[in-house]
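First up is the structure itself, then whatever we jot down about it.
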Amino acid sequence: QVQLVVSGGGLVQPGGSLRLSCVASALSFSIYDMNWYRQAPGKERELVATIGKATGLTNYVDSVKGRFTIPRDNAKSTLYLQMNSLKPEETAVYYCNAHRIIPVVGHRDYWGHGTQVTVSS
């Protein structure tokens, strides 16, 4: 059974940093595009960052560019989200997602449990 185990959330002061980790098991990690999403109270889930399976190409929502990075370690089946200069409005539950497009079938997605990130003084 595929599992994505997320860790690293917590309380941080504005301007601080956190690193989230997402460890996959029973998953061919290297063939999945990996994403981080977040959902703030009363808001829709938002795609924060993406890293491609093969090229390692990354993409970020404009609001986090220059502050967040999304490295992956295929040998460890682990995805990270390094978050720097955090802002109070980035308080949210953060989710890890594994995504793969399968021709004809459509797509396959797996989700980790969320981890709470609270940015507050």
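Taking region 71-89 as the range and being surrounded by 15 or more Cβ atoms within 10 Å (Cβ to Cβ) and more than 15 Å from residue 22 (Cα to Cα) as the test, only 86 passes.
Could you check residue 1 against (1) touching a Phe, Trp or Tyr at 6+ places or on another chain (Cβ under 9 Å); (2) modelled with pLDDT under 95 and say which number it fails? With (1) touching a Phe, Trp or Tyr at 6+ places or on another chain (Cβ under 9 Å); (2) modelled with pLDDT under 95 applied to residue 1, the lone miss is (1).
In the condition set (1) under 16 Å from the mean Cα position of the chain (by Cα); (2) assigned to a loop (DSSP other than H, G, I, E, B); (3) without any contact (Cβ under 8 Å) to a residue 24 or more places away in the chain, residue 104 is compliant with all but (1). Per the conditions (1) at pLDDT below 95; (2) open to solvent by 50 Å² or more (accessible area, probe 1.4 Å); (3) farther than 16 Å from residue 9 by Cβ, the sole criterion not satisfied by residue 41 is (3). Out of curiosity, is residue 47 closer than 24 Å to residue 121 by Cβ, assigned to a strand (DSSP E or B), out of contact with any Pro (no Cβ under 8 Å at 6 or more places or on another chain) and of a type outside the set (Ser, Thr, Tyr)? Here the answer is no, as residue 47 does not meet what is asked.
Pairs please, first residue from region 5-18 and over 26 Å from residue 110 (Cα atoms), second anywhere and open to solvent by 60 Å² or more (accessible area, probe 1.4 Å) and outside any loop (DSSP other than H, G, I, E, B), Cβ atoms under 8 Å, 6+ apart in sequence or on different chains. Close Cβ pairs satisfying both conditions: 14/88. Within region 61-70, the set of residues being surrounded by fewer than 18 Cβ atoms within 10 Å (Cβ to Cβ) and closer than 16 Å to residue 97 by Cβ comprises 61 only. Take the conditions (1) open to solvent by 40 Å² or more (accessible area, probe 1.4 Å); (2) in contact (Cβ under 8 Å) with a residue 40 or more places away in the chain; (3) at negative phi; residue 117 misses just one of them, which is (1). The residues of region 50-75 that are part of a loop (DSSP other than H, G, I, E, B) and not basic (Lys, Arg), listed by number, are 52, 54, 55, 56, 57, 61, 66, 70, 71.
Scanning region 2-29 for residues that are open to solvent by 70 Å² or more (accessible area, probe 1.4 Å), more than 17 Å from the chain's Cα centre (by Cα) and not small (Gly, Ala, Ser) returns 11, 13.
Going by what's in this entry, would residue 93 be described as open to solvent by less than 10 Å² (accessible area, probe 1.4 Å), part of a strand (DSSP E or B) and among the β-branched types (Val, Ile, Thr)? Criteria not met by residue 93.
The values are calculated or read from the model by the stated rules, or taken from the named source; none is laboratory data. Quick caveat: nothing in here was measured; it's all calculated off a predicted structure. Cβ: placed from backbone, ideal geometry, glycine included. Neighbour counts: every protein chain shown. In case anyone asks, the SASA skips ligands and DNA or RNA and just uses the protein heavy atoms, side chains included. Shrake-Rupley method; radii C 1.70, N 1.55, O 1.52, S 1.80 Å.
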